[in-house]
1. So if I check each of B:ALA329, B:ALA384, B:ALA378, B:ALA325, which one is within 14 Å of another protein chain (Cβ to nearest Cβ) and in contact with a strand residue (DSSP E or B) (Cβ under 7 Å, 6 or more places away or on another chain)?
2. Given the criteria buried (at least 17 other Cβ atoms within 10 Å of the Cβ), at pLDDT below 80 and more than 9 Å from chain A (Cβ to nearest Cβ), does B:GLY118 qualify?
3. Could you please tell me which pairs satisfy a Cβ distance under 6 Å, a separation of 6+ or placement on different chains, a first residue in the stretch B:191-208 that is at pLDDT below 90, and a second residue that is part of a helix (DSSP H, G or I)?
4. Confirm whether B:VAL441 is buried (at least 19 other Cβ atoms within 10 Å of the Cβ) and modelled with pLDDT of 90 or more.
5. Answer yes or no as to whether A:ARG132 is in a loop (DSSP other than H, G, I, E, B) and under 19 Å from A:LEU24 (Cα atoms).
6. Is it fair to say B:ASP209 is within 14 Å of chain A (Cβ to nearest Cβ) and of a type in the set (D, E, K, R)?
7. Out of all the residues in the stretch B:398-410, is one or more within 24 Å of B:THR463 (Cα to Cα), within 14 Å of chain A (Cβ to nearest Cβ) and of a type in the set (A, V, I, L, M, F, W, C)?
8. Please verify whether the stretch B:260-267 includes one or more residues that are of a type in the set (A, V, I, L, M, F, W, C), modelled with pLDDT under 95 and within 22 Å of the chain's Cα centre (by Cα).
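The values are calculated or read from the model by the stated rules, or taken from the named source; none is laboratory data. Keep in mind it's a predicted model, so treat the numbers as computed, not measured. Cβ atoms come from the backbone with ideal geometry, glycine included; neighbour counts cover every protein chain shown.
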Amino acid sequence: MASRKKVLLKVIILGDSGVGKTSLMNQYVAKKFSNQYKATIGADFLTKEVMVDDRLVTMQIWDTAGQERFQSLGVAFYRGADGCVLVFDVTMPNTFRSLDSWRDEFLIQASPRDPENFPFVVIGNKVDLENRGVSGRRAQGWCHTKGDIPYFETSAKEAINVEQAFQAVAKNAMAQETDVELCSEFPDPIKLSGDNNKPQGNNCPC
Amino acid sequence: MATDHREAEQPVNTSDSDFQEDVEFVETNCVPGKCNSAVFDTTDELDDLTLNLANGVIQNHRGTITSLIRKRAKRSNTLKDEEADQDLANSIASEEANSIEQSELSSELSEDENVKNGLEDLSLQDTESVPEESPSVTLIPSSSETDYVNSLEWKQQKKHIFILSESGKPIYSRHGSEDKLVTVMGVMQALVSFVQDDKDNLRSIVAGDHTFVFMNRDHLTFVGVTRGRESTQQMLLQLTYMYNQVISVLTHSTLVRTFKQHRNFDLRRPLSGAEKFFDNLLNLMDVEPGLLLTSVRCLPLDSSVRDIVSQTIVQHAKVKDLVFALIIAQNQLVALVRMKRYYLHPMDLHLIINLINASESFKAAESWTPICLPKFDATGFLQAYVSYLDEECQSCLLLLSVDIEAFYTLSECRAKIKERLDRYNALTAIGNSLQRHSYSVQQCSIGDLRHFLYKARSTAQYTSPELGPPYNTPEQQDRLFGLYHFLHDKVHSVSRPLKLLYHVGKYETLLGWVTQGFELYAVFGPLVTKNVAIHAVNKLLRWIKREEDRLFILSSVTF
């Protein structure tokens, strides 16, 4: 394990439908924004390579469907995530209220080893719009009660803070990653008992 | 005996319908390569696979995941919400309905129908609709990865093999760097996960001339994609070899423990440096019939010479905790000595052969390397002492022990073994046999027989002649191997296993024949009749019987 390969992080984006999950991802990865709205069915995948503390990190970003009827990829989908981005729309208070259930849902499905310290990031999106419905303080407060989740206010449309938010996910996920090593200090030696190796099943009856 | 050819297929031309009467089919006492004392553990992996497949439902999910998900979406809608279902149906009917700009209707919605749909969407406070054209698992172009996956070079590979973790993290890809395939691997994981959600397992997908085969084992997903002649079953066998190779490097216990503790673990790290073993194993599978037949090829050798070799090992390597001692020359087994009560499975032996074959470093010095043999014991490592016995690095000695401290003891054994093999000119004999390249099919003096594979089932060994014309080019060899895959698949078909298959192809006639004692796959010229083919294989069996002392290891030697 001397030559460490690049690090790969699986990051999942969750949130109600229409809050801009796909737009955030497209802005982040492809620097593109479209006003056209298309529902995500199942999931989209994108990857982006970033530098975190002088290490090259590949982020495998899993954009999910917000709409319930397309959330059909199953529990295995969340398995083994390194980080999770929770997104709400700052103009729609109900999307903010959903964060609780998204977070719970994620923790149940992904069942990470250390749920208290799992690297979440909360994004309040669409700050470019006028009709603000959720104040920054309120969002900050919620994040604080959930173990000081980092909070970012972004606009996928105008590319505000998007980069920073994802960078924070990568950085926090990396912090957890470093203490993981293969669990084989000394593998179990084989004991010869004489019966753990079955004699051959002779196919030939003759 | 007449029942034996009841199953024979007559795909193209079989005019000689009277062959049942006049062909003395097989002399039952003639099973070349048969032996009563076990040389190998001969549980057949293919039988296991067959059992697995027969017990479960074989699911060929034809079609795209889009339609699957849409179907699912529809279904859940029907249960939940009639109105939404209507909306879904409308949306599917109209492609344009998805162009809604936030809560405003976009200017593109000019048709009344679309506006109506759009309004219905809004009235449901539900601005999402099902776009007909956009696939559910979208690969958004623009990244370099997408370019790479779409490159002709990558797409035109005949076979792809991928290994990913259950969280969708890439571990290995045969072609291209797995680093560039992060998205594709995510898609594969999504497919697997989607089907698992229904308490089901994704086994294979047929798309055009490609077959995708999936295998989940111990937190890992193995995916094989082929447009060759391998069947789903045969691909599963190849994926099983890949799984065994992973275990061989890590052990089963470590693999399971690691993923239990860290589901997001990046297995590339502990496997770094092992890529060459995966690559080499896959290359072997494309040219070495032994893996398909789960059997081993022995180096043709006079039985007296082979006796000297094995007796030398018995005498000079009689060391505590030494489980297996073997000599391998150019992927062929020269001799095997085992501890009483322990057997080496051919699948494990292929991993050993792969270890030697893939690594040049053993040629430089004596080596001491841990290796896990999954069929023998998947929970721990054996320690392998590896050293070539001759200057040309042809004959490789392997001593497998459970004693981690045994290196110097085994090194002494090696010196004694080499000294005695030199004295008896055994190494020269091995070298000569290697130079003669096995034997040509002409030596069997059977007209029109071009090539064959013969597997003695009780000993899990096989023999076949060298590849002569017309199979002397890589393309033709590849084609021949495809024919064997075809033949092997047909006789081992899950739904309809055959004892005998006579198949007239475009360029050659094939005969596959499976009995309790052996499997025979023979390739003839195109104009051979069934009668002639049957006579020929009977003659061939007699020839192999005469040569069996040279071609097979018939008696098992133990410490």
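1. Only one candidate passes the filter, namely B:ALA384.
2. yes
3. Listed pairs, sorted by first residue: B:LEU191/B:ILE65; B:SER193/A:ALA76; B:SER193/A:PHE77; B:GLN196/A:ALA76.
4. Details: buried (at least 19 other Cβ atoms within 10 Å of the Cβ): yes; modelled with pLDDT of 90 or more: no.
The answer is no for B:VAL441.
5. Numbers: in a loop (DSSP other than H, G, I, E, B): yes; under 19 Å from A:LEU24 (Cα atoms): yes.
It is true that A:ARG132 is in a loop (DSSP other than H, G, I, E, B) and under 19 Å from A:LEU24 (Cα atoms).
6. no
7. No, the stretch B:398-410 contains no residue that is within 24 Å of B:THR463 (Cα to Cα), within 14 Å of chain A (Cβ to nearest Cβ) and of a type in the set (A, V, I, L, M, F, W, C).
8. Within the stretch B:260-267, one or more residues are of a type in the set (A, V, I, L, M, F, W, C), modelled with pLDDT under 95 and within 22 Å of the chain's Cα centre (by Cα).
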